[in-house]
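These notes concern the structure reproduced below.
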Amino acid sequence: MGFFWLSLAVLLLYHAHLSFSSFTSELFTTWCEQHGKTYSSEEEKLFRLRVFEDNLAFVTHHNNMDNSTYTLSLNAFADLTHHEFKSSRLGLSKSASKHRASWMPQEPVLLGDIPSSIDWRKEGAVTKVKDQGNCGACWSFSATGAMEGINKILTGSLVSLSEQELVDCDKSYNSGCGGGLMDYAFQWAIENHGIDTEEDYPYEGQERTCNKNKLKRHVVTIDSYTDVPPSNEKQLLQAVVSQPVSVGICGSDRAFQLYSKGIFSGPCSTSLDHAVLIVGYGSDNGVDYWIVKNSWGTSWGMSGYIHMQRNSGNSQGVCGINMLASYPIKTSPNPPPSPSPSPTRCDLLTHCSAGETCCCTWHLFGICFSWKCCELDSAVCCKDHRYCCPHDYPVCDTKSKQCLKRSGNFTSVKELEKRGSVGKFESLSSLIEAWNLF
């Protein structure tokens, strides 16, 4: 008799598993359609289904918990393992908590009355939510967001600024998609005498060669920046009353990956690995929170935002949000608009667009009779008259479609793809960088 009941229990569990798997498969199909997901093979799709099923179990378990202040969902990252997510969506410098810029921190101006809530979005000081993609450039989005905010507050003009310029050109201490720190980005903008717009220098989700021509377009300037004393929530609050503030957090918790809505209260580490922007604060049913703008697109969280608990009783703040805060200072007006750059002249009758390089495709007795335009600034024209290379990778290897840069006993390589159009030289842009023994 005991064997009969045991067999029946096993059979019921088996059918329940089949039913759950069928439900999960249908849910996964719907989710893929909703988020435009496709996979290269059936094996890859099956693997993603298993990851999705595991994330579904995690979301269901959390949402069934009593007294949780936030909920999770199967958002656009539900087919990523936790390790994959952490490897691609963060980007705050590992040394961020140890190294702050040499700039002496200033005490925020003490304010008389602190409003019970503030939302800089309602004041028009926050641009739309952006998406860093699979590039660890969160630091650049946090920095541009803070500069966009103070520029709007002081000039009345909301201008979306270029994260790509920071990724490509801010190389003194920051490392593009390899991570960075907002203070260094502020310092770069000061030393460069301004930063270009998102429209003129758009985000590409990967590192490129710095466009020296656009580097001279100083649309928005800042004069200095201030570090909020670490773990001082009162002064952080005072700073947010004045403007949006850049902060570091721990964004690698699994619940953070799948966050949907509500006031995020952890648990999470205070090991900082992600950069975001505080754009306000408020309270809900007696629970105080920060309004935080992320850079993971609008399909994450509350249309790209998260509410993170404030006044949690921990001086470091939930996920370390009080530990690494800073904001730019602006006292000077922006420079007048730069004149449109002049075309690059090849000869008396031929020219290329500004920022392009003239490459001769046919010449006789030292005189060029035919030109094409390489889309790279100050590029090296390859001898096959078809390709060009960036000036910092000046050795053409047209057989392997690579541009090389020799340094000591090593050759730095840029893997290449053809890019061009009718009348254009087929320029080569980097996909990855590697070191080959020379």
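The values are calculated or read from the model by the stated rules, or taken from the named source; none is laboratory data. The structure displayed is predicted, hence computed values, not measured ones. Using ideal geometry, Cβ is built from the backbone for each residue, glycine included, and neighbour counts are taken over all protein chains shown.
Counting just the residues of region 211-226 that are basic (Lys, Arg) and in a helix (DSSP H, G or I), which one comes out modelled with the highest pLDDT?
Here the answer is LYS214.
Taking the conditions exactly as written (under 27 Å from VAL51 (Cα atoms), at pLDDT 95 or above and either surrounded by 24 or more Cβ atoms within 10 Å (Cβ to Cβ) or among the charged types (D, E, K, R) (or both)), does TRP290 satisfy them or not?
No.
Residue by residue through region 241-252, note down the ones that are out of contact with any Ser or Thr (no Cβ under 6 Å at 6 or more places or on another chain) and crowded, with 19+ Cβ neighbours inside 10 Å.
Within region 241-252, GLN243, PRO244, VAL245, VAL247, GLY248, ILE249, GLY251, SER252 meet the criteria.
Counting just the residues of region 110-139 that are small (Gly, Ala, Ser) and more than 30 Å from ASN285 (Cβ to Cβ), which one comes out surrounded by the fewest Cβ atoms within 10 Å (Cβ to Cβ)?
By that ranking, first place goes to GLY133.
Which of the numbered conditions does ASN314 fail, given that it passes all the others? Conditions: (1) part of a strand (DSSP E or B); (2) more than 21 Å from the chain's Cα centre (by Cα).
(1)
So if I check each of ALA9, ALA96, ALA101, which one is in a helix (DSSP H, G or I) and at pLDDT below 95?
Criteria check complete, one pass: ALA9.
Consider SER142 against the criteria (1) of a type outside the set (Asp, Glu); (2) surrounded by fewer than 21 Cβ atoms within 10 Å (Cβ to Cβ); (3) at pLDDT 95 or above: it satisfies all of them except one. Which criterion is unmet?
(2)
What residue, of PHE58, PHE77, PHE47, PHE85, is among the aromatic types (Phe, Trp, Tyr) and within 13 Å of PHE28 (Cβ to Cβ)?
Just a single option satisfies the conditions, and that option is PHE47.
Would you check if LEU72 is under 24 Å from ILE263 (Cα atoms), buried (at least 21 other Cβ atoms within 10 Å of the Cβ) and at pLDDT below 95?
Answer is no for this residue.
Looking only at region 159-177, which residues are in contact with an Asp or Glu (Cβ under 8 Å, 6 or more places away or on another chain) and in contact (Cβ under 8 Å) with a residue 60 or more places away in the chain?
Across region 159-177, the qualifying residues are VAL159, CYS177.
Just name the residue that is nearest to ILE150 (Cα to Cα) out of those in region 177-214 that are surrounded by fewer than 20 Cβ atoms within 10 Å (Cβ to Cβ) and basic (Lys, Arg).
LYS212
For (1) under 23 Å from GLY136 (Cβ atoms); (2) of a type in the set (A, V, I, L, M), each residue gets a yes or a no:
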residue	(1), (2)
ILE263	no, yes
VAL276	yes, yes
GLY282	no, no
TYR289	no, no
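If you scan region 347-359, which residues turn out to be surrounded by 19 or more Cβ atoms within 10 Å (Cβ to Cβ) and in a loop (DSSP other than H, G, I, E, B)?
GLU356
Table: residues versus (1) in contact with a His (Cβ under 8 Å, 6 or more places away or on another chain); (2) touching a residue at least 24 places away in the same chain (Cβ under 8 Å); (3) of a type in the set (Lys, Arg).
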residue	(1), (2), (3)
TYR327	no, yes, no
LYS330	no, yes, yes
SER342	no, no, no
ASP347	no, yes, no
CYS368	no, no, no
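Can you pull out every residue in region 201-242 that is polar (S, T, N, Q) and closer than 26 Å to SER271 by Cα?
GLN206, THR226, SER231, ASN232, GLN235, GLN238, listed by residue number.
For GLU165, are the conditions met, namely being farther than 21 Å from TRP120 by Cα, among the charged types (D, E, K, R) and modelled with pLDDT under 95?
no
Residues in region 165-203 that are over 23 Å from LEU272 (Cα atoms) and either assigned to a strand (DSSP E or B) or not small (Gly, Ala, Ser) (or both): how many?
The qualifying residues number 16.
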